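A.B. asks: Have a look at this one.
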Amino acid sequence: MSESAILNVSRLDKRFGRRAVLNGIELTLHAGECTLLSGGNGAGKTTLLRILSGLEKPDSSQITIASDSPRTWRHCRKDLHQQVLYLHQQPYMFEGSVRYNLGYALPTDLDKPSRREMIDNAIEWAGLHHLTDTPAKSLSGGERQRVSLARAWLRNPSILLLDEPTANLDQEAKERTLDLLKSFKEKGIALLLASHDPLHFSSLIDRQLHLYEGRLVMIEDSKLMSIPSSPTDNTLRSTA
């Protein structure tokens, strides 16, 4: 792996019954790089994100984290939990205020002054001042997304995985989300985001990968951001 590579995945397979959802996936994520993952409904995008975050077991894989030696998913699952953070399409909010929800991202043994300072910094970063004491479960979709990103900011992962981060958001909320994601990238965090709205992320992404028939293929032409679920050979090339 190159010096900037944080995660390298090879020979990753996943089947559901007789269907091969992921077949020999090869993927490398680099610090400060944003990769957009596209693909049709049911292509396996969410399954791949869940595997990379340690939430779902693949049938086989070789995974290298930073400068470590290649290991199976089972043997590096703990490290995946520590370094990779997965944000679901519909962020979960706990009972209580926005401030209370942000506290879930912090270690339980952190002293109260440090906890308050870090939460205040996250509120400032995400522009949540007017929502601090609002019940989190009453928030709009865009507001929930910002709280979720603020929690991720407090966790400070090496890799951030996002599943449709702008789904069902209005244009203003989409722009706010994009600005926050740019901040993660500038911080050197590797981003991998699955989206059906690739054009919105054109100013953020460094490359686009398309999941098709269980394999990852790279978009050759950066102008071809929005492609059909069954792309033609002249728009793609294999990442393997």
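The values are calculated or read from the model by the stated rules, or taken from the named source; none is laboratory data. Note that the coordinates shown come from a computational prediction; the quantities given were computed from them, not determined experimentally. Please note: Cβ atoms are built from the backbone with ideal geometry, for glycine as well, and neighbour counts cover all protein chains shown. Just so you know, the surface numbers come from the protein's heavy atoms only, side chains and all, with ligands and any DNA or RNA stripped out. Shrake-Rupley method; radii C 1.70, N 1.55, O 1.52, S 1.80 Å.
A.B. asks: If one takes the longest principal axis of the Cα atoms in the chain, at what angle in degrees, from 0 to 90 and to the nearest 10, does the Cα axis of helix 171-186 lie?
C.D. replies: 80 degrees
A.B. asks: Continuing with the same structure: Near Gly142, within a Cβ-to-Cβ distance under 9 Å, what is the net charge of the other residues, with Lys and Arg +1 and Asp and Glu -1? The partial results should precede the final answer.
C.D. replies: On the way: positive: Arg144, Arg146, Lys174, Arg176; negative: Glu143, Asp170, Glu172.
Charge balance near Gly142 sits at +1.
A.B. asks: Moving to a separate point now. How much length would be gained if the chain were fully extended between Lys78 and Phe94, taking 0.36 nm per residue of separation minus their Cα-Cα distance, in nm to one decimal? Walk me through the numbers before you get to the answer.
C.D. replies: On the way: separation 16, 0.36 × 16 = 5.76 nm, distance 2.42 nm.
Using 0.36 nm per residue and subtracting the Cα-Cα distance, I get 3.3 nm.
A.B. asks: Please state the shape class of the range 66-151: rounded when a/c is under 1.5, otherwise prolate if a/b exceeds b/c and oblate if not, all from the C-alpha gyration tensor. Working shown, then result.
C.D. replies: Values: a/c = 2.60, a/b = 1.72, b/c = 1.51.
Judged from the Cα gyration tensor, the range 66-151 comes out prolate (a/c at least 1.5, a/b above b/c).
A.B. asks: Next question. Would you please put 119-127, 199-207 in order of how densely packed they are, using the mean number of other Cβ atoms within 10 angstrom per residue and starting with the highest?
C.D. replies: On the way: 119-127: 17.3, 199-207: 14.9.
In decreasing order of mean packing, 119-127, 199-207 become 119-127, 199-207.
A.B. asks: Right, next: Report the gain in length on full extension from Lys187 to Asn156: 0.36 nm times residue separation, minus Cα-Cα distance, nm rounded to one decimal.
C.D. replies: Numbers: separation 31, 0.36 × 31 = 11.16 nm, distance 0.94 nm.
That pair, Lys187 and Asn156, stretches by 10.2 nm at full extension.
A.B. asks: Just to be sure I understand the curve: with the Debye formula and one point per C-alpha of the chain, what is log10 I(q)/I(0) at q = 0.15 Å⁻¹?
C.D. replies: -1.05
A.B. asks: So, one more: Taking the mean number of other Cβ atoms within 10 Å as a proxy for protection, how do you rank 71-78, 145-152 from highest to lowest?
C.D. replies: Working: 71-78: 14.8, 145-152: 24.0.
My ranking of the peptides, most packed first, is 145-152, 71-78.
A.B. asks: Follow-up question, since we're still on this one. Starting from a Cα-only point model with no solvent, please compute log10 I(q)/I(0) by Debye for the range 128-215 at q = 0.11, 0.14, 0.21, 0.26 1/Å.
C.D. replies: Relative scattering, expressed as log10 I(q)/I(0), comes to -0.33, -0.53, -1.10, -1.49.
A.B. asks: Let me ask something additional. Compute the distance in nm between two label points, each set 7 Å from the Cα along the Cα-to-Cβ direction, one at Asp109 and one at Ser202.
C.D. replies: Result for the modelled spin labels: 5.0 nm.
A.B. asks: Could you please report the charge total around Gln171, scoring K, R as +1 and D, E as -1 over all other residues with beta-carbon less than 14 angstrom from its beta-carbon?
C.D. replies: -3
A.B. asks: For the chain, what's the relative contact order in percent, using C-alpha pairs closer than 8 Å and at least 6 residues apart? Display every interim value, and only then the final one.
C.D. replies: Working: 438 pairs, mean separation 66.0, N = 240.
Relative contact order here is 27 percent.
A.B. asks: How far is the Cα center of the range 94-167 from the Cα center of the range 188-203, in Å?
C.D. replies: What the calculation gives is 21 Å, centre to centre.
A.B. asks: Return the lysines within reach of Lys174: Cα separation strictly under 29 angstrom, same-chain partners fewer than 8 residues apart disregarded; answer none if there are no such residues.
C.D. replies: Cα-Cα hits under 29 Å: Lys45, Lys137, Lys182, Lys185, Lys187, Lys223.
A.B. asks: What FRET efficiency would be calculated for the residue pair Glu117, Met218, taking the C-beta separation as r and a Förster radius of 45 Å, to the nearest 0.05?
C.D. replies: The value I calculate is 0.60.
A.B. asks: What is the percent carbon and sulfur in the accessible area of the range 5-221, measuring with a 1.4 Å probe over the protein chains and ignoring ligands?
C.D. replies: Values: 4660 of 10110 Å².
For the range 5-221, the apolar C and S fraction of the accessible surface comes to 46 percent.
A.B. asks: Still on this structure, please answer the following. What is the gain in length, in nm to one decimal, between Trp125 and Asp59 on full extension, counting 0.36 nm per residue of separation less the C-alpha to C-alpha distance?
C.D. replies: 19.8 nm
A.B. asks: Calculate how steeply helix 73-83 sits against the longest principal axis of the alpha-carbon atoms of the chain, using the helix alpha-carbon long axis, and give the answer as 0 to 90 degrees to the nearest 10.
C.D. replies: In the chain, helix 73-83 runs at an angle near 40 degrees to the longest axis.
A.B. asks: Next question, about the same structure. On average, how much accessible surface per residue is there in the chain, in Å², for a 1.4 Å probe, leaving out ligands, DNA and RNA?
C.D. replies: Details: 11940 Å² over 240 residues.
About 50 Å² of surface per residue is accessible.
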